[in-house]
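Encoded as structure tokens, the structure appears first; notes follow it.
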Amino acid sequence: MDCLRTSLAPLAILLGAWPLLTFAPATAFGGDGPPDAVVGIPGSGDRAADAAQKDGVQKAAEPPLGKYLTVTSPVDDLVFGRVKNAVLNLESQAQQQHRRAVLILEITHGTTPFHQVYGLAKFLTSAEIADVKTVAWIPETVTGNNVVIALACNEIIMHPDADLGDIGLGKALDRDEQQDILHLIEKRHNPRLSPALVMGMCDPQRETLRAKVQLPAGKDGKESSEFRIVTKDELERLQKSKLPILDVQTIKESGDLGNYSGSKARSLGVLTVQTIEQRGELVDVYNLPREALRDDPTSGEKPRVQLIKVEGEVNSVLEAFIVRQIDRAVAAGVNTLIFEIDSPGGGLLQSQNLSNTIADLDPKKIHTIAYIPKGKQALSGAAIIALGCDEIYMDPNVRIGDAEPIALSGRQFEHVPEKILSNLRVVLATLAKRKGRPPALAEAMADKDLQVFQVKNRRTGRVWYLSEAEIQASNGEWERGLPVPESGNNHLLTLTGTRAHELGLAETPVRDFDDLKQRLGIPAEITVAEAKQTWVDALVFGLNTELALFFLVVVGFICIYIELHLMTGLLSIIAALCFAIFFWSHFLGGTAGWLEVILFLIGAACLALEVFVIPGSGFFGVTGILLIFASLILASQTWGNLEPNEDYKRLSYTMGTLGASIISIVVIALVTSRFLPHVRVFDKLVLSPPGAADLHRFGPRLKPGLADDAAGHFADHPRSLVGQEGAALTVLRPAGKAKIHGRTIDVVSEGPFIPAESRLEVIEVSGNRVVVRQIV
């Protein structure tokens, strides 16, 4: 394109048809300006205007690609990077789809160093973006160095009352700076600019004239004329060239600031090709879709960037961690989130939840980026997460795709039922539509039989990608082309970074993170903060393993068992901490909620009733044990997974771990019962009252009974104890031991705690349950 434009430029100048080489809108030379006003370009003004108008009408039939950006002040690295990224993306899309592209830059007033605006202006006039038409939109008065950006664009659109000019702000620019601007103008990107006009904007002391020149008759014998914007010296040279000068008008006096309103510039045929009142009119001027006028949500803001790494298997713990990091970033005012992905996938439910969470950040004006660096991958569930981001940047050789859900049957992987696949296709298509990507390609990542075709819109020429069903449903709107070779034929769509960009799923590939920063407009000196795992996050990851579940359950129940022997209170605290840590870690890990905590507390309360209040009933004991184990199972895994049998598979793992825990608890309890009374220090703490050497076993009893003598005297007639008096050997809380009629017996207080050595009276005997009260 650049070579063609360069080779045709001299011929176009000679023929007076330079505007043919620019993308002028249909109304570019209409309106209130003079019909033959072509500034500073020799040739027939009428013929050039007519040709440009016809060319604009012809191209208007094919809507161009469009992008709208606000160039805020000061123009720093952030602004430069944002503009560069937008232009390069448009350039790439225009080449792929063989369409025109229009970038509209809203220029705002402000103060910016000259070297900053000149760098951006130089880029806008470079040959590498020749396929993108740049338009400067001036809704309000702009003066100072920011004017240079507008002068570097292909066209300028102004509000009738907005002024543009006075680059030096009342003073003459440095001579070198003036030469830099003139060098940009000489590239002839904007035919409505001339060196004389721009020099008047740079130096208030320069006078600017508008001369109407009579041109020699053409081959048809007809004479024509044109308007030229010249300086006083250039006018003298014109007069010496013996060209007839029909009229001379001073448009800027010496000492004027060199400002031109939109209406004045339009009447003179300089600067602007069109004047409009509202930004929305740009849609009609350039035949753009209305969504093209949506500005960048982070435009004008300083970059507040957070990097979140998505590494390893996508599971509930990783999902909860990512969500926590997103919430922290939103609370901190971050406006750009970069998700660095390196994952082979994982749980379908967790992947969908994460992708929807990221996609829902749009209303909060947070720009989300999926970044897949060299040597990494985004497959299966990770590809679904990437599709939830606003933009996807990849190394040219990394892979994305292969998102088919699978189920594990025995030792083999099987394809999921059609019901689950259909639901996933809907999810992928919805994500693609929300982010402006071809839905059929996203669906092909999960459906190995879905063939996708490159299609072309018969009316607009737009290139897109549709499935056979979508082509049939369009009623001939799309013309089917070649199939996408990576789709269908029992192949799940898996693409490299380069190929994903060609198909419109990803942005132009990036080399490394520094290249990504430049593309996103993040200044090089800014260090992007990474959301690293804190010690709390690392602890949560460790505690959500099967080994941690086994350890916490075993330690917790063994501490309770020993506490019933020692009654020190310390072991009760340790047991409570074990279960509290378990539920806290699984709460943060995303598998537990308040239901599980409530079930556990109710189960613990039932066990306490069975042991201390209603011993021997059995109902509360069994209920408490069932509730506790149910809460542990529910808290150890997520439920409602989309993969077939996934819930049952995880349930089997959890049940196996808890089963091993129970066996370990029983073994440790037996060993403890055998050896703890003989261990120094602990033998003094065990609740064995004086004179209890006849007890044959050690340990708390869920069903307290009577300590019978060798002859079994009281066992034969337990009710004979009613009315007997004795003394408490231990504190009754409310259960404990008492010495009644010379024998040690397990008893229960009728209500309040009874101190040790208090006098007691037996008031009731029910089975093995002996109820006593204190004698005052």
Notebook entry, point to check: Could you give the distance between the Cα centres of the stretch 338-363 and the stretch 479-515, to the whole Å?
Noted result: 20 Å
Next item on the list: Express the carbon and sulfur contribution to the solvent-accessible surface of the stretch 409-523 as a percent, rounded to the nearest whole number, probe 1.4 angstrom.
Entry: 48 percent
Next item on the list: Run the 1.4 Å probe and let me know the accessible area of residue 367, rounded to the nearest 10 Å².
Entry: 30 Å²
Notebook entry, point to check: How much area per residue is accessible in the stretch 474-631 when the probe is 1.4 Å and only protein heavy atoms are counted (Å²)?
Noted result: 49 Å²
Next item on the list: Heavy atoms only, probe 1.4 Å: what % of the accessible area of the stretch 365-407 goes to carbon and sulfur, would you let me know?
Entry: 43 percent
Check: What residues qualify as long-range amide H neighbours of residue 259, i.e. H under 5 Å apart, gap of 5 or more or another chain, H built at 1.01 Å from N?
Finding: 166
Next item on the list: Pop out the carbon and sulfur fraction of the accessible area of the stretch 542-581 as a percent, whole number, probe 1.4 Å.
Entry: 86 percent
Item checked: Cα gyration tensor category, rounded, prolate or oblate, for the stretch 457-566 with a/c compared to 1.5 -> oblate
Check: How big is the accessible area of residue 478 in square angstrom, nearest 10, if you roll a 1.4 angstrom probe over the protein chains?
Finding: 30 Å²
Notebook entry, point to check: Non-local amide H neighbours of residue 101 (under 5 Å, H modeled in plane, Pro and chain starts lacking H): which ones?
Noted result: 65, 133
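What whole-number value in cubic angstrom gives the convex hull volume per residue for the C-alpha atoms of the stretch 115-164?
Taking the convex hull of the Cα positions in the stretch 115-164, it is 57 Å³ per residue.
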Item checked: Overall form of the stretch 73-119 per C-alpha gyration tensor (a/c, 1.5; a/b vs b/c) -> prolate
Notebook entry, point to check: In the structure shown, do any of 67/376; 171/252; 122/212; 309/374; 67/365; 187/222 have a Cα-Cα gap over 21 Å, and if so which?
Noted result: 67/376; 122/212; 187/222
Next item on the list: For residue 339, list long-range residues whose amide hydrogen, built 1.01 Å from N in the peptide plane, is under 5 Å from its own amide hydrogen.
Entry: 308, 369, 370, 371
Next item on the list: Return the whole-Å distance between the Cα centroid of the stretch 224-241 and the Cα centroid of the stretch 570-620.
Entry: 96 Å
Note to self: Please list the three semi-axes, largest first and in whole Å, of the ellipsoid equivalent to the stretch 92-204, using sqrt of 5 times the eigenvalues of its alpha carbon gyration tensor.
What the structure shows: 24, 16, 12
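The values are calculated or read from the model by the stated rules, or taken from the named source; none is laboratory data. Only a predicted model underlies this, so the values are computations on that prediction, with no experimental measurement involved. Only protein heavy atoms, including side chains, enter the accessible area calculation; ligands, DNA and RNA are left aside. Shrake-Rupley method; radii C 1.70, N 1.55, O 1.52, S 1.80 Å.
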